[in-house]
Each structure stands twice: as C-alpha cells, then as structure tokens.
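Here's the structure we're looking at; comments come further down.
No value in this document is a laboratory result; all are computed from the given coordinates. Worth saying up front: this structure is predicted, and the values here are computed from it rather than measured. Counting neighbours? That spans all protein chains shown, and the Cβs are built from the backbone with ideal geometry, glycine included.
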Amino acid sequence: MRYISTRGAAPPVDFETALLNGLAPDGGLYLPERIPHFDAATLAAWRGRDYAELAAEVLRPFVADCVDAAELRAHVDAACANFDDAADPAPLRALNESRGEWILELFHGPTLSFKDYAMQLIGRMMDAALQRRGQRALVLGATSGDTGSAAIAAFADCRHADVVILHPHGRVSEVQRRQMCALEAPNVRNLALEGDFDDCQRLLKACFAERECLPERYGHLVAVNSINLLRVLAQTIYYFHTHLRLDVGEAGAVYSVPCGNFGNMYAAHLARRMGLPAARLVVAVNSNDVLHEFFSAGRYRRGDSVRATHASSMDISVASNLERLLFELFDGDGARLGEAMRDFADGEALQAPASAEILRAFGSCAVDDVEIRDAIAETLKADGYLLDPHTAVGVVAGRRCGGDAHPKVFVATAHPAKFPEALLAAGVEPPPPPPALAALDGRAERFEVMPASEEALKAYIGALQ
Ligand SMILES: *Cc1c(COP(=O)(O)O)cnc(C)c1O
C-alpha cells in the first residue's frame with residue numbers, strides 16, 4: 001500500500017515513511033492510494049473478536065508492506081495493555097435503551113481522552129520504525145489540551161525518540177498541566193511558553209520550516225498533531241468494533257462525533273468507505289462552528305477568532321483533517337486542492353462542489369455553552385450518566401439531527417473528571433478522579449518557562465543533549 005499526498009505534488013511513499021513524515025513535503029496530508037474494502041461476510045466473520053484481534057485485522061492491509069502480522073499484533077497488544085481493561089478498551093454502554101441510545105466510551109486510556117487510542121499505537125510503531133532505520137527522532141508538539149498529554153504518555157517509554165511539548169504558560173487547565181508535567185520520563189521535556197496557543201503554533205511552524213536548529217543525531221523531526229496518517233487509521237478500529245457489538249441491520253447506526261480538527265470523524269468516514277455500515281455521521285461542534293458551516297452550507301472558511309468554550313479541546317478556527325475529505329470532493333485532483341488550500345490560507349472561503357454525493361452521509365450541528373451545561377445536568381438527572389462537556393456536544397447534536405430510525409452511538413471523547421470546571425458550571429459535582437489522575441496527586445511538576453521567541457526555542461532545541 002502506498003500513500004499519496006492530498007496536494008498531489010509529493011511522491012507516493014510507504015507506510016513507514018508516511019508515519020515518520022507526518023505532513024507530506026508538499027504541505028499535503030497522506031491518504032491511502034486505494035481503500036481496502038471489508039465486505040459483509042468478512043464483517044460477519046469478525047463478530048465476537050476482541051478489540052486487539054480486530055485492530056490487527058483492520059490495520060493489516062495498511063501496514064503490511066512495512067510491518068508483518070506478528071509485529072503488528074505485538075504493538076496492538078502492548079497498546080491495549082495500557083488501557084483500563086485490555087480486553088475491552090472501548091466499552092459501549094447503554095445510555096437509554098428504549099430510545100436506542102449508546103455511549104462509546106473512549107476515555108479508558110492513560111490520559112482519559114480518545115487521543116490515547118491512536119497515540120499509544122503511534123508511539124510504539126514509530127519507535128520500532130526508528131529502531132529498524134537506526135535513527136533517532138525528536139517529537140515536537142504544541143498543545144492547548146489533550147494531545148500533549150496523550151503524546152507524552154505514549155512516547156515516555158520510547159527508546160528512539162525524545163519529546164518536547166510546548167504549552168501556553170498558565171493557560172492550560174490544572175488537570176491537563178499535571179497530566180503533562182507530573183509524568184516522570186527522562187526523554188520528555190515540557191516548555192511553558194510565555195504566550196498563547198497561537199504563539200506556540202507559530203514557533204513550532206518556524207522550527208519545522210527551518211530544521212537546521214535540529215542537532216545532527218536526530219534523523220527526524222516529527223510532529224504529533226492530528227494530521228498523522230496513523231492517527232486516522234487507528235481511529236477506524238473502534239467504529240468497526242462498536243458496529244460488530246451492536247445488533248443493527250445493514251443500515252448500521254448513527255454516529256455522533258464531537259469534532260475539532262475532524263480527525264476522529266474522518267476516521268468514521270474512512271471506516272464507512274472500508275465497509276462499515278453507518279446510517280449517518282453527525283458532525284457535532286461547539287460555538288467554533290467552521291465545520292457546521294461547511295456541512296450545512298458547503299462553505300469552508302477560517303473562523304475569525306477562536307472562542308473559549310466548555311468543550312475546550314474543540315476550540316479551533318481551522319479543521320486540518322477536513323483536507324482529507326476535500327480531496328475526495330475534488331475527485332482526487334491534488335493540484336486543484338493545493339491551490340484552493342493556499343487561497344484558504346490567505347483568507348478566502350472554499351466552496352464544496354455542488355454535486356457532492358459524499359456529503360449526504362453527514363449531518364451537522366453546533367452546540368453552545370448553555371446547551372452543553374443543560375445537557376450535562378439533564379442527562380445526569382434523566383439517565384444517571386455523567387457526560388464530559390465534549391461528549392455533551394455530541395449528545396445534543398446526535399439527538400437533534402440523528403433522526404429516530406436508527407440506534408445512535410454518541411462518541412464520548414473524554415472522561416468527565418478531566419473537566420471539573422465545566423461540570424461545576426452545570427451545577428454538577430465532579431466525580432472522584434480515576435486512578436490515572438489520582439496517581440499524579442502530590443507529584444512534582446517539571447517544566448521550563450520560556451519567552452515566546454523563535455530564537456529561544458531554536459537555541460533550546462539546538463542544545464538538547
Ligand atoms: C481532540 C478532541 C476532540 C476533537 O477531535 P478531532 O479529531 O480533532 O476532531 C474532541 N474531544 C476531545 C476530548 C478531544 O481531546
């Protein structure tokens with residue numbers, strides 16, 4: 001299997017190269033050249049398999065040229081072992097059986113958000129790829145939320161990668177800061193930048209653009225953000241697993257997914273193209289509604305500014321993974337998409353082709369903070385279930401535009417204990433911290449404060465030992 005760039009101006013590469021590159025050299029995102037298809041008989045034969053077995057089946061055609069079946073299985077097993085229940089890392093719970101409502105709980109990993117599901121695999125598979133190549137990588141990331149902690153937890157055991165994560169000093173939540181900075185790992189460094197998240201991203205971009213600051217012993221500078229190919233591939237697994245568990249007909253269920261960068265939802269779409277029956281995919285967003293505008297009006301334009309909401313991990317002005325879907329809408333014409341994306345970066349709106357059949361599978365809905373608070377309070381009262389603010393967005397959106405004809409799966413992207421402030425605002429008592437959080441209590445936090453300057457960051461990286 002080869003991987004092509006959405007901008008059409010970079011050579012196709014194998015899985016391992018796409019994994020290590022992150023972004024393609026032409027600025028595009030990697031996509032599989034052709035999409036494997038699992039027919040109904042194959043899916044039927046998979047019913048009853050546990051998560052790890054299924055993961056190995058789903059991923060195999062994507063990675064087979066670089067990673068053999070035994071190695072893949074070993075990575076998947078090792079990743080699953082880091083979840084609450086290795087045999088069932090992504091449990092499905094009934095929210096309200098008479099209404100056919102289910103919650104897919106994707107918060108049972110080491111940092112309690114769905115980002116762990118892909119990141120745990122990325123850490124292991126990158127480490128193995130680097131070992132094979134005899135190379136060392138510097139993993140560099142900026143975070144305002146859950147990505148940083150998931151990356152740190154995933155790479156902390158890697159022998160061939162060092163990790164530097166930037167966060168805006170004093171502007172991440174208490175829980176998120178502790179998850180990043182209280183983890184003891186010799187290959188991980190946290191930088192608290194004296195600026196906001198945009199400053200972090202700007203400095204990061206500068207480092208990726210001019211890599212000469214990278215010490216020679218690093219063969220790769222790797223980004224850990226939502227555009228990595230393996231993140232999308234790994235996130236298809238839990239949709240198949242859920243489908244095989246539900247007793248739904250050929251039409252499949254409705255999946256309502258809280259969206260930011262569109263990585264999780266693109267995975268659902270990809271799974272559908274691979275043969276997953278799904279009646280509808282509901283794009284659930286908060287007041288940062290660029291995706292809702294796209295799916296309702298066919299127009300994609302950068303948000304004027306990012307609004308702070310209760311569902312803070314979805315506070316974005318651009319949805320990077322939408323480019324993967326746009327590539328399909330542009331009939332795989334990378335040159336034309338590249339041009340449209342450059343115009344988009346300059347502030348122009350991008351129009352979806354009118355005849356876009358693909359878009360019909362999607363619904364979308366924007367949910368504001370008042371609705372988030374109401375949904376948290378009401379769901380606890382009516383169904384006895386405590387939602388985190390992101391999942392609350394998915395529940396409201398799924399109920400509003402998921403229809404009544406099919407069972408609904410609300411994808412729960414974070415554990416409520418991660419967002420106590422939002423729960424308190426909803427008038428709800430936060431739950432006791434789960435073991436993964438409680439274990440951080442009283443531990444020393446390690447981070448260095450740094451001015452928001454390109455020179456300072458480059459000097460820091462250049463001096464890494
Ligand atoms: C990252 C994140 C999202 C958004 O996911 P995307 O793949 O970026 O759309 C939603 N909820 C939580 C809790 C997250 O951490």
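At a glance:
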| quantity | calculated |
| --- | --- |
| Condition met for Ser312 (among the polar types (S, T, N, Q), over 15 Å from Met341 (Cα atoms) and within 11 Å of the ligand (Cβ to nearest atom)) | yes |
| Pair list, Cβ < 6 Å and 6+ apart or interchain, from the range 437-465 residues that are farther than 21 Å from Ile152 by Cα to residues that are surrounded by 14 or more Cβ atoms within 10 Å (Cβ to Cβ) | Pro451/Glu194; Ala452/Leu193; Ala452/Glu194; Ala452/Gly195; Ala452/Asp199; Glu454/Leu203; Glu454/Ala206; Ala456/Met450 |
| Candidate set: the range 83-115, residues that are over 18 Å from the mean Cα position of the chain (by Cα) and polar (S, T, N, Q); chosen: the one farthest from the ligand (Cβ to nearest atom) | Ser98 |
| Qualifying positions in the range 249-263 - farther than 18 Å from Ala90 by Cα, more than 16 Å from the ligand (Cβ to nearest atom) and either part of a helix (DSSP H, G or I) or hydrophobic (A, V, I, L, M, F, W, C) (or both) | Ala251 |
| Qualifying position, being surrounded by fewer than 16 Cβ atoms within 10 Å (Cβ to Cβ), small (Gly, Ala, Ser) and either outside any loop (DSSP other than H, G, I, E, B) or within 16 Å of the ligand (Cβ to nearest atom) (or both), among Ala335, Ala354 | Ala335 |
| Candidates Tyr238, Tyr266 - the one that is within 15 Å of the chain's Cα centre (by Cα), farther than 14 Å from Ala366 by Cα, within 11 Å of the ligand (Cβ to nearest atom) and not β-branched (Val, Ile, Thr) | Tyr266 |
| 2 or more residues surrounded by 20 or more Cβ atoms within 10 Å (Cβ to Cβ) and either hydrophobic (A, V, I, L, M, F, W, C) or in contact (Cβ under 8 Å) with a residue 60 or more places away in the chain (or both): qualifying helices (runs of 4 or more DSSP H) within the range 20-111 | 51-63, 69-80 |
| Selected residue (only one of Pro451, Pro407 is out of contact with any Ser or Thr (no Cβ under 6 Å at 6 or more places or on another chain) and over 21 Å from His167 (Cα atoms)) | Pro407 |
| Tabulated pairs, the range 296-319, first within 26 Å of Arg360 (Cβ to Cβ) and charged (D, E, K, R), second within 16 Å of the ligand (Cβ to nearest atom) and part of a loop (DSSP other than H, G, I, E, B), C-beta under 7 angstrom, 6+ apart or interchain | Arg302/Ser317; Arg302/Val318 |
| Whichever residue in the range 2-14 is in contact with a Pro (Cβ under 9 Å, 6 or more places away or on another chain) and closer than 15 Å to Leu233 by Cβ and, among such residues, is surrounded by the fewest Cβ atoms within 10 Å (Cβ to Cβ) | Arg2 |
| In the range 384-414, the residues that are among the charged types (D, E, K, R) and either within 12 Å of the ligand (Cβ to nearest atom) or not in a helix (DSSP H, G or I) (or both) | Asp388, Asp404, Lys408 |
| Qualifying position, being in contact (Cβ under 8 Å) with a residue 24 or more places away in the chain, of a type in the set (D, E, K, R) and farther than 23 Å from Glu323 by Cβ, among Asp199, Asp289 | Asp199 |
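Yes or no, residue by residue, for (1) surrounded by 20 or more Cβ atoms within 10 Å (Cβ to Cβ); (2) of a type outside the set (A, V, I, L, M, F, W, C); (3) within 16 Å of the ligand (Cβ to nearest atom); (4) more than 25 Å from Arg73 (Cβ to Cβ):
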{"site": "Cys207", "(1), (2), (3), (4)": "yes, no, no, yes"}
{"site": "Glu216", "(1), (2), (3), (4)": "no, yes, no, yes"}
{"site": "Gly219", "(1), (2), (3), (4)": "no, yes, no, yes"}
{"site": "Ala234", "(1), (2), (3), (4)": "yes, no, yes, no"}
{"site": "Asp247", "(1), (2), (3), (4)": "no, yes, no, yes"}
{"site": "Arg273", "(1), (2), (3), (4)": "no, yes, no, no"}
